[in-house]
Amino acid sequence: MPGLLLGDEAPNFEADTTQGRIRFHDFLGDSWGILFSHPRDFTPVCTTELGRAAKLAPEFRKRNVKMIALSIDKVSDHLAWSKDINAYNGDEPTEELPFPIIADAKRELSIQLGMLDPDERDKEGLPLTARVVFIFGPDKKLKLSILYPATTGRNFDEILRVVDSLQLTAKSKVATPVDWKRGDSVMVIPSMPDDEARKLFPEGVFTKELPSGKKYLRYTPQP
Ligand code: BEZ
């Protein structure tokens, strides 16, 4: 079955982009990476999304995350549309965005990566790309995948938030609770015994009492 599951290695595909031809692993280098697809160029929701992604590019750069977009349009369309995206952002209407956009006009990559949405079709009846978010670690393995339909725009602040969680939990044996943001307390993972947690988190482990008497809600300040 085409598509990517958590832990799968990113395929080392070659593709034409608005910044030239790339080989994906070389593009990623030793960085984290976000590959995000959109249904079509010159469409309203996609314009707002890529505009927001462009505005947040410095935040992704700070976190060592390389950004790359994808849709089933041609490079020439991506470049012409980039002017609209920049104008939407209130910037000079140039063809330059702070990330490349892959041109997957033949849908080969979208099929390989499981990105097509059978419910959204073009005039010829061919499926469009869904709003997929893939985040890869420096080991090129898939760390997170989120899939939105064409009619629901993404929240790029949420995507930055999950990058923060992924990067923290990659280096510390913790998990981040609901609505967590950088600086908030984190949770001790369920498999870690109390004595190990106390040693590992010298700032303390705080357990919330629960009716079950089970002591699984264990917090510690963000390491
Ligand atoms: C949009 O980007 O606005 C869009 C694209 C395809 C279907 C629905 C909305």
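The values are calculated or read from the model by the stated rules, or taken from the named source; none is laboratory data. Computed from a predicted structure; not experimentally measured. Because the Cβ atoms are built from the backbone with ideal geometry, glycine has one as well, and the counts that use them run over all protein chains shown. The protein model used for the area step is the full one, side chains on, heavy atoms only, and it has no ligands, DNA or RNA in it. Shrake-Rupley method; radii C 1.70, N 1.55, O 1.52, S 1.80 Å.
Structure notes:
- Residue count for the stretch 31-46, restricted to those that are buried (at least 17 other Cβ atoms within 10 Å of the Cβ) and within 7 Å of the ligand (Cβ to nearest atom): 5
- Residue match in the stretch 113-129 (condition: within 23 Å of residue 27 (Cα to Cα), assigned to a helix (DSSP H, G or I), open to solvent by less than 60 Å² (accessible area, probe 1.4 Å) and within 16 Å of the ligand (Cβ to nearest atom)): no
- Selection of the stretch 149-207 for residues being more than 16 Å from the ligand (Cβ to nearest atom), part of a loop (DSSP other than H, G, I, E, B) and farther than 25 Å from residue 59 by Cα yields 189, 190, 191, 192, 193, 201, 202, 203, 204, 205.
- The numbered conditions (1) more than 21 Å from residue 144 (Cβ to Cβ); (2) crowded, with 17+ Cβ neighbours inside 10 Å; (3) within 12 Å of the ligand (Cβ to nearest atom) are all true for residue 71 except (1).
- Hits in the stretch 55-90 (condition: in a loop (DSSP other than H, G, I, E, B) and either of a type in the set (Lys, Arg) or out of contact with any helix residue (DSSP H, G or I) (no Cβ under 8 Å at 6 or more places or on another chain) (or both)): 63, 64, 74, 90
- Yes/no for residue 76 being crowded, with 16+ Cβ neighbours inside 10 Å and within 25 Å of residue 14 (Cβ to Cβ): no
- The single condition among (1) under 20 Å from residue 139 (Cβ atoms); (2) open to solvent by 20 Å² or more (accessible area, probe 1.4 Å) that residue 168 does not satisfy is (2).
- Check on residue 154, within 22 Å of the chain's Cα centre (by Cα), buried (at least 18 other Cβ atoms within 10 Å of the Cβ) and not hydrophobic (A, V, I, L, M, F, W, C): yes
- Residues satisfying the stated conditions in the stretch 193-223, i.e. of a type in the set (Ser, Thr, Tyr) and exposed (fewer than 13 other Cβ atoms within 10 Å of the Cβ): 212, 216
- The residue that is farthest from residue 64 (Cα to Cα), among those in the stretch 130-148 that are open to solvent by less than 20 Å² (accessible area, probe 1.4 Å) and within 16 Å of the ligand (Cβ to nearest atom), is 130.
- One residue alone among 50, 28, 56 is within 16 Å of the chain's Cα centre (by Cα), within 21 Å of residue 144 (Cβ to Cβ) and within 16 Å of the ligand (Cβ to nearest atom), and that residue is 50.
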